[in-house]
1. Could you list, in sequence order, all residues of region C:294-328 that are without any contact (Cβ under 8 Å) to a residue 60 or more places away in the chain, open to solvent by 10 Å² or more (accessible area, probe 1.4 Å), more than 10 Å from chain A (Cβ to nearest Cβ) and not polar (S, T, N, Q)?
2. Could you tell me how many of the residues in region C:329-364 are open to solvent by 40 Å² or more (accessible area, probe 1.4 Å), more than 21 Å from C:Gly76 (Cα to Cα) and in a helix (DSSP H, G or I)?
3. Anything in region A:132-191 that is β-branched (Val, Ile, Thr), open to solvent by less than 30 Å² (accessible area, probe 1.4 Å) and within 11 Å of chain C (Cβ to nearest Cβ)? List them, or say none.
4. Residue pairs, Cβ under 7 Å, 6 or more apart or interchain, first in region B:149-163 and in contact (Cβ under 8 Å) with a residue 40 or more places away in the chain, second buried (at least 20 other Cβ atoms within 10 Å of the Cβ) and among the charged types (D, E, K, R). List them.
5. For region B:1-107, which strands (runs of 3 or more DSSP E) that fit wholly inside it have 1 or more residues that are in contact with a His (Cβ under 8 Å, 6 or more places away or on another chain)?
6. Which fully enclosed helices (runs of 4 or more DSSP H) of region C:95-203 have 3 or more residues being without any contact (Cβ under 8 Å) to a residue 60 or more places away in the chain and more than 14 Å from chain A (Cβ to nearest Cβ)?
7. Quick one: in region A:307-318, which of the residues that are in contact with a helix residue (DSSP H, G or I) (Cβ under 9 Å, 6 or more places away or on another chain) and more than 8 Å from chain C (Cβ to nearest Cβ) is modelled with the highest pLDDT?
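The values are calculated or read from the model by the stated rules, or taken from the named source; none is laboratory data. Bear in mind that the values here come from a model prediction, so they are computed numbers and not experimental data. As a convention, Cβ positions derive from the backbone with ideal geometry for all residues, glycine included, and neighbour counts pool all protein chains shown. These area figures cover heavy atoms from the full protein model, side chains too; ligands, DNA and RNA do not enter into them. Shrake-Rupley method; radii C 1.70, N 1.55, O 1.52, S 1.80 Å.
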Amino acid sequence: MTTAPAETAFHIQEPLWKIRLRIAWKGLKQSWALFTENKIGLVGLGIIVFFGLMALAHPILMHTVWEPNIYDPFIGNDPTILQHPSPPSARHLLGTDPVGRDVLSQLMYSTQSEFVLGLLAAIVTVTIATSVGAISAYFGGALDAFFMRLADLINILPFIALLVVLTAFFDFGMIELALLIGILSGFGGTTIIFKAQALTIKVKPYIEAAKVAGGSDLHIIFRHIVPNLMPLAFLNMMFTVTGAIFSEAALSFFGLLNLRMSWGIMINTTQAAGYLLGGWKYWYLIVPPGLAITLLCSAFYLVGRALDEVVNPRLRRR
Amino acid sequence: MAEKPLLSVRNLTMIYKTRKGPVSAIDDVSFDLKRGESLGLVGESGCGKTSVAMALLRLLPDNAQITGGQILLDGMDLTTLSEEEMQNVRWKRISMVFQAAMNALDPVYKVGDQIIEAIERHERDIDPAEARKRVEALFHLVGIDPKMADRYPHEFSGGMRQRAIIAMALACNPDLIIADEPTTALDVIVQDQVLRELRQVQKQMGMSMIYISHDIAVIAEVAERIAIMYAGRLCELADAVEIFKRPRHPYTVALMSAFPSIVGEKRPLVALGGEPPDLLFPPPGCRFHPRCPRALDICKQQQPPFEDIGGGHYLACWNPAPVAEVQS
Amino acid sequence: MLKYIANRLLQIVVTLFVFFALTYFILDAQPGDITLQYVNNPKFTKEQREALRRRLGLDKPAYVRFFQWMGNTLRGDLGESYQYRKPVMDVLLERAPRTIFLFLTATLIEFFVGYWLGRVLAWQRGTGLEYGITVVGAFFYTVFTPWFALMMIYLFGFTLKWFPIGKFLDVTLWRAAPKGLTANQIFINLLLTMTLLAVALVVVYYLTRRMNPYRASLFRWSALIGGAAIVVGYWAASPVAKYAWDILYHMALPIIVLTLINFSGTMLLTRTTMLETLREDYIMAARAKGLPERVVRDKHAARNAVLPVFTSLIISLPFILGGGIITETVFSWEGLGLTLLTASTTGDIPLVMGSFLFIGTLALLAHLVADIAYAFLDPRIRYA
C-alpha cells in the first residue's frame, strides 16, 4: 500500500503519515460536528468529563486540603464526630459512613477504579470482537462457524448468573473482572455485530483491489478491514463500559468481589450494616453511590447513542 | 383542445424546508393530461420528477410544502382537499407504480392480501370472494400465475414483483396511473416485456398514465407526449415525435444527442458541462443558463415563459435551438 | 417451518450439552477438593483420605467423572444441598415456579408497554418530547437496578405503604392456610391459567390478522378484557382466592420495578426501528393506497418494526433472567436467582451448580420458544 515508486508523476512533498494524520483530523472534525448536533450526547460527555475530573481531583485533595487520617477512603475516621454515620456537614459534604469514613472521599476514590474497569473491559471486548469479527468474515467456513456458534452459546448464557457463579468460586479483583467481562462480551454478542459489519466491508472494491495488488490475508484484515471497523468499535466501547460498570456494581453489591472500595461496595456496606431499613434518614449513604453508578452508566450509554447516529447515517435526521 | 383534460397542473410550486433553507424542488410547473393519454416526464435524477408524482398524490414528506399552484383532477383542486378526502382520491382515482418494486410490497403480508386491502379500502361493501376473484383476474392480466396471490413478496422474482405492483395499481380501476421509473430495477429483457404489458393494459382500460424516467429511450416506447424537466422546471413539452424530430430547448437537444439512434444518421454526442444547480440557491433567470451553450444575457436575469410555440409544443427558452440543428 | 423448528431443537440440545459441560468444568476447575477439609485433622490419616477420595470417585479421570455427573444430572439427581440437607432438585423444583411466574409476567408486560410507547413516540415526533423521553428512557435503561429497587421499596413500601416489603407471601396469613395448600400449587395454577389466557389471545390474534385494524383491535381488546375477566372471575370464585391475591399483591412491586427497568430498552428500540421502517417504500405504498394513517402505522409500520424489537428481546432474555437475581435479592423473592446467590455466598456448591443449571436451561428454553415465535412473525424465516 505504501510502496509507491519514487518516480511517480506528481511529487508529494509531505510525508505520508502527515497526510494520513490530516485526513484523520478532518474526519474527526466532521464527526465531532455531527456529534455536537446531538444535545443528549453532549450531556453524556459532560457527565463523563465531570466524573473524570472527580477521579483526578481525589489524589490532589488528599495531598492538599484533606487530612489523610480523616479522609482516607479506607481507614479514615473523624474523631471530632461522635456518632457515625453522620449527615452531611461542612467538614463532610456527603456525611460519613457507619465506620466514620468520608462518603465523598470514597465516592471520588471509587471513580478512578470504575474508569479503569470500564475502559479495560471495553478495550478487551473491542480488540477481541474486531479481530474475531474480521477474521470470521474474511475467511468464513469452519472458522466462522466455530466463532459464531461460540458467540451464540455465550449470548444464551445468563450473564449475571454466570458472573455470580464464577466470582463465588474464584477470587476476583477489579482487573480480573474487567478481563472476564471483556472476554465474555468480546467473544459473545459483540462479535456478531462486528462480523456483520466486516462482511459489508469485505465486498467493497478496495478489498478486491488490495487482493489483486498482492496483499496478504493478514495485511488485508488488519490494514483494510479492521481500520474500517474502528468507528463501530468506538461506539461499541461506550456500551461495554456501561455493562462493565453495572456488572461490577451488582457483584459488589452482592459482596462477591474481592475489592477494597467501589460504589457497589458502598451500597453493600450500608446494607450489611442495616442502615437501609432506616428509611430516608440515611439517604446520604445510599443516594450518592447509586446515583453515581446510574449517572456514569447513562452517560456512556447516551454518548454511545449519539455516536450511533454519527456512525449509522440511517438514524440521522435531515 | 375542446376536450376537458382529466388532469391539469397549474403553476405548481413546491419547496422542501431544510435546515440550510428552502429547496425549490418544483417551480411553476404546468401541464395538462387528457383522458387515456400517456405523458412521459423525463429528467436527470434530482430534477424533481418524483416530487411531481408525490405532489399529485399529496404523499410528500413532512418538510415539503406546496406553496403555489393547483392540481385539478376533473376540475377538483387536490391541493385544497382535506387529508381524508385525499385518502379517497388515492388509488381510487390516482394510483402509482413504484420506483423500487422490490420494496413496495410489505414483506410480512401475502401479495394477494395487500391488493385486497386496497380494494376493500375503496369499496367497503365488496364481498371478500369477489375481491379475491378480481385479484386473480388482475394477476392473469399482468401475466402472473393467480396462485401466486397466496405467496409472500420474498417468493417473487424481481419481474414478478413489478407485475404484482402493476396489478395492484390497476386494482381499483383508477383514472390515472403514475409509473415512477417502473422498470429501472429490472434487467433489460424483462424491462421491455413489462413496459409493453403496461402500455397494453393502459390502452385496453383507457386510463391516463404518467411515466417518469431518466431514460428517454424507455419513455419513447410508451409515451405519446413527453415533458422534459430540468432543476424543478419544465423546459419543453410536446408530442413524442415532435420532441425527437424537432427539439428546441438546448437541454432537450443535449439529451437527444446522448440518445443514439440506430436508424438515423450519426450525430455528434454533445456532452453537457457542469452540474445541475443546487436547488437551495437556484440560479436566477433560466435555471439552465450556467450550462447552456446558447445562453444570452437575458437568460441570466429573466425566467423564460413556458409557452405554446404552436401545435401543442410548449417551450421555455429565450434562445431556442433552430429546428434544423438536429437531423434525424 | 418444521425443518426450522427441528433445526432449532437440535441446536438447543447441542447448546444444552455444551452448557452442562461448561458448568461442570467451572465446578471442576476450583482449586482443591472436598478431602482437603480434613488435611489438618490428625485423626484422619492420609490413607483414609485416599480411601475417601476413591469412594467419592475423585481418583478417576476428569472425563469419567464428567459423564457420571452428567448421567446423574439427566436422571434429576443434582446432589444434596449442604444448607437445606435435602436433594437440590427438591429445593429447586419448589423455587422454579416463583421465578418463572415473576419473570414471565414482567417480560410480557415490559414488552407490550415498551412496544406500545415506542410506537406512539415514533409517530408523535416532537423535539421536546423526544429529548425528554429519550433521557428518561436512558435513565431507566441504565439505572443501577438494586439501588432503584431499594428506592422504590422506600417510596411505596415504607413511605406510602402501598405494597408489602419483601417476600412473596404473608407468613401470618399462610399459617392459617388449609392443610395441604402450598404456595407452589397456587403458583403453578396461576401459571397455567396465564398460559391458557396467552394461548387464547394468540388464537384471537391469528384469527383477526387479516381484518381491517379497527375491527381487529376491537376484537383483540375485547378478547383481552374478556379473557382477563374470566381468569379473574375464576380465581375470585375459587376457595383459595385470598391466598392467590396475597401472592399477586406481593408480586406487584417487583413487577412494577422489573417493568420500569426493562421497558425502556424496548421502547427506545421500537422508536428507532419504527422511524427506519417509516422510510421504507411499502409504507409509502400503503399511504398511496389511501389507507388512513392509523392503519399504515399499526398494520404496516408497527408490524414490520416489531421484528427487530422481538429479535432484541430474544437476545436479552437470558440477560433479563440473570438480572432477575438482583430483583429477587432486593425483594427477598425466594426464586432461583436468590437461591443461586445465597448458595454462592454460603459455599453450598451443589445448590450453586443446580440453580445455575436451572437458570441456564430456563434461559435456553425461553430462547427456543421466542425463536419459534419469531418464525411465525416473519414469513421470510417461516418459508425459508
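1. C:Arg303, C:Pro308
2. Of the residues in that region, 3 qualify.
3. From region A:132-191, those β-branched (Val, Ile, Thr) are A:132, A:135, A:154, A:156, A:160, A:164-165, A:167, A:175, A:181, A:183, A:190-191; that's our starting set.
Within this subset, residues satisfying the condition of being open to solvent by less than 30 Å² (accessible area, probe 1.4 Å) are A:132, A:156, A:160, A:164-165, A:167, A:181, A:190-191.
Selection gives A:Ile156, A:Ile160, A:Val164, A:Val165, A:Thr167.
4. Once the first residue is in contact (Cβ under 8 Å) with a residue 40 or more places away in the chain and sits in region B:149-163, its partners that are buried (at least 20 other Cβ atoms within 10 Å of the Cβ) and among the charged types (D, E, K, R) give B:Pro153/B:Arg161.
5. Details: elements: B:7-18, B:21-33, B:38-42, B:64-73, B:94-97.
Answer list for region B:1-107: B:38-42.
6. Values: elements: C:127-142, C:145-152, C:171-175.
Those helices (runs of 4 or more DSSP H) span C:171-175.
7. Going residue by residue through region A:307-318, those that are in contact with a helix residue (DSSP H, G or I) (Cβ under 9 Å, 6 or more places away or on another chain) are A:307-312, A:314-317.
With more than 8 Å from chain C (Cβ to nearest Cβ) added as a condition, the list becomes A:307-312, A:316-317.
Working: A:Leu307: 85, A:Asp308: 82, A:Glu309: 78, A:Val310: 80, A:Val311: 77, A:Asn312: 71, A:Arg316: 58, A:Arg317: 52.
Top of the filtered list is A:Leu307.
Conditions (1) hydrophobic (A, V, I, L, M, F, W, C); (2) touching a Gly at 6+ places or on another chain (Cβ under 8 Å); (3) open to solvent by less than 80 Å² (accessible area, probe 1.4 Å), marked per residue:
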position	(1), (2), (3)
C:Leu121	yes, no, yes
C:Phe148	yes, yes, yes
C:Phe158	yes, yes, yes
C:Phe163	yes, yes, yes
C:Tyr206	no, no, no
C:Tyr214	no, no, no
C:Trp221	yes, no, no
